[in-house]
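The values are calculated or read from the model by the stated rules, or taken from the named source; none is laboratory data. Note that the coordinates shown come from a computational prediction; the quantities given were computed from them, not determined experimentally. For neighbour counting, all protein chains shown are included, and Cβ atoms are generated from backbone atoms with ideal geometry for every residue, glycine included. For accessibility, only protein heavy atoms count, side chains too; no ligands or nucleic acids. Shrake-Rupley method; radii C 1.70, N 1.55, O 1.52, S 1.80 Å.
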Amino acid sequence: MDNRLLDVAGPPALILMWSSAFIAGIIGVGAAPPMLVLFARFGIAGLLLIAYALLARALWPRGKVLAHTLVAGFLMQMVQFGAFYTAMHEHVTAAVISLVQGLSPVVLAVFAGGLGESVSLRQWLGFGVGGLGVGLAVVDQSSFSLSGLLLCGVGLFGLSFGTIYQKRFTPAIDPRAGTALHVAVSAPFAGAIALAGGDFHIADPDRFAGSMVWMVLVNSMGAFLLLNTMLQRWDTTRVGRFFFAIPAVTAVMAWLIIGQPLRPLTIAGLGVGLVGMVLASRRAATAEPVTAAAQQLEAAPERAAAPHGIAPRQPVRA
């Protein structure tokens, strides 16, 4: 993807696709058991992504890089969505799940120093304001179970630490191969849990099929191919701040599509979260240090050049 196109169209596309995943998940889990939904999603998307990566002649990781890729995929896919879909099954709303996930930028910012990235005081203020907005909106929810909220925390852990792990250990992997491996490695785990549960009943085949088409093509393929491309080219805090917008978009989608109400304090919290995202997106005028990974990429142009069709990763600038 062209860098200018990614800068302009990438963020809104990621936000819309990611937000829609919560709605599709609610619909899917309402039609079939959560792990059966995940197994179908991961299995179908994994096969399609592998085929796409092979046709595109993507560069596949080997050795330690392959192992790190599988670990990152397990965290970002199986841990995150296994927890979130189970929370949906316990009737936690899409808005609450997305709001808890909205804390991801704060988690990423806390650990950004370990990736050689710097976070300005203005960005920290933005993360704090965004986190406050998430808290306000979560408090306003009238009903959710403690176990469901804990599951949301597990999902947040999977997304945040999976992102950090990927950025730390596989910064230059081809996003096409990486996304295929992330999804494919998670399918057996979801299948094993579904088999252990013994519940394969699909209550509404039409809703299940419709949600599956959307989750596979838009969420598992489109959203994660875009996310992994962004993580390869941009620093984690730049990517992470877009997640502050997802709760607001998800809440509006949930209101329009599945009839979930928007309460006054929820709206206020979503507004505060958006202010935090704007603050976190503003950068200081001074340049940040180039990360060690970027220096290695620049030192070996032939070996470190990005895969076919992907621009080389540029030094991180403030």
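Summary table
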read-out: Per residue accessible area in Å² of region 198-287, where ligands, DNA and RNA are left out and the probe is 1.4 Å; value: 44
read-out: Cα-based shape type of region 21-123, given that a ≥ b ≥ c are square roots of the gyration tensor eigenvalues and the cut on a/c is 1.5; value: oblate
read-out: Cα gyration tensor, region 117-262 - rounded (a/c under 1.5), prolate or oblate; value: oblate
read-out: Distance between modelled label sites at Asp199 and Ser147, nm, 7 Å Cα→Cβ extension; value: 1.0
read-out: Ranked packing of 41-49, 268-276, most packed first, by mean Cβ within 10 Å; value: 41-49, 268-276
read-out: Where region 51-102 is the region considered: accessible area per residue in Å², 1.4 Å probe; value: 43
read-out: Counted charge near Val71, where neighbours are those whose Cβ lies closer than 14 Å (Asp, Glu -1; Lys, Arg +1); value: +3
read-out: Where labels lie 7 Å past Cα in the beta-carbon direction, separation of Phe111 and Asp7 in nm; value: 3.0
read-out: Region 121-184: C-alpha gyration tensor shape, a/c 1.5 cut-off, then a/b vs b/c; value: oblate
